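Scroll down for the structure; my scribbles are underneath it.
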Amino acid sequence: MSMYVALLRAVNVGGTGKLPMADLKRICIDAGFDLVETYIASGNVVFASTDTAAAVKSELERRLRDSTGKVIDVFVRTAAEMRTVLRANPFPKADLARTYAFFLGGKPPRDALINIRRQADEEMRVGKREIYVHYPSGMGQSKLVIPAAASGTARNMNTVAKLVEMSS
């Protein structure tokens, strides 16, 4: 049995994509996942399953669509992959609350950091299936546009650390 972290895109952010975490937990339990635990109301869930990451993603996306009537993108990482994301943070001395990993469905394109717009003081690095961004002035103040990250979902490194702890 493997431990997984599932990150839902655009759930409970800015009043869009409302999904109570109790509903997410129930959906995961109904899917047959074990040790289900959600973290904060932004679409983070940790669980165990005997299925592959691809099968978990497919099943969870299908059940979310059936339950909400909307397509909700899900990004699945194993516990080991989440530990790697945390360890690979290229900005280890930066404030973890202002450093984000944008989780993507696959490897970032080669031009991921070339086609950005409105960069101010932000720093960026490409990871294996993530784009890391440090927002010294805060993400809420930033006007940065990273087209390669638009279809992903972001979590700050404090959240990543907590999800690593929960999945260990």
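Among the conditions (1) of a type in the set (S, T, N, Q); (2) under 17 Å from T78 (Cβ atoms); (3) in contact with a Leu (Cβ under 9 Å, 6 or more places away or on another chain), the only one that S2 does not satisfy is (3). Scanning region 123-154 for residues that are under 16 Å from D95 (Cβ atoms), of a type outside the set (G, A, S) and out of contact with any strand residue (DSSP E or B) (no Cβ under 6 Å at 6 or more places or on another chain) returns Y135, P136, M139, Q141.
Among the residues making up region 100-142, those that are surrounded by 11 or more Cβ atoms within 10 Å (Cβ to Cβ) and β-branched (V, I, T) are I116, V126, I131, V133. Residues in region 50-68 that are farther than 24 Å from K107 by Cβ and either among the basic types (K, R) or outside any loop (DSSP other than H, G, I, E, B) (or both): R62, R63, L64, R65, D66, S67, T68.
Please count how many residues of region 56-79 are touching a residue at least 12 places away in the same chain (Cβ under 8 Å) and of a type in the set (K, R). Adding up the residues that qualify gives 4. Among the conditions (1) surrounded by fewer than 18 Cβ atoms within 10 Å (Cβ to Cβ); (2) in contact with a helix residue (DSSP H, G or I) (Cβ under 9 Å, 6 or more places away or on another chain); (3) at pLDDT 95 or above, S67 misses just one, which is (3). Per the listing A149, A161, the residue uniquely in contact with a helix residue (DSSP H, G or I) (Cβ under 9 Å, 6 or more places away or on another chain) and modelled with pLDDT of 95 or more is A161.
When region 143-168 is limited to residues that are basic (K, R) and in contact (Cβ under 8 Å) with a residue 60 or more places away in the chain, the one that is surrounded by the fewest Cβ atoms within 10 Å (Cβ to Cβ) turns out to be K162. Check off (1) without any contact (Cβ under 8 Å) to a residue 40 or more places away in the chain; (2) farther than 21 Å from L144 by Cα; (3) acidic (D, E) for E37 and give me the number that stays unchecked. E37 satisfies every listed condition except (1). The strands (runs of 3 or more DSSP E) located wholly in region 69-150 that include 2 or more residues which are touching a Pro at 6+ places or on another chain (Cβ under 6 Å) and over 26 Å from L24 (Cβ atoms) occupy 123-126. For region 78-98, the set of residues classified as crowded, with 16+ Cβ neighbours inside 10 Å, of a type outside the set (A, V, I, L, M) and in contact with an Asp or Glu (Cβ under 9 Å, 6 or more places away or on another chain) consists of F91 only.
The values are calculated or read from the model by the stated rules, or taken from the named source; none is laboratory data. Please read all numbers here as calculations on a predicted model, not as lab measurements. Cβ: placed from backbone, ideal geometry, glycine included. Neighbour counts: every protein chain shown.
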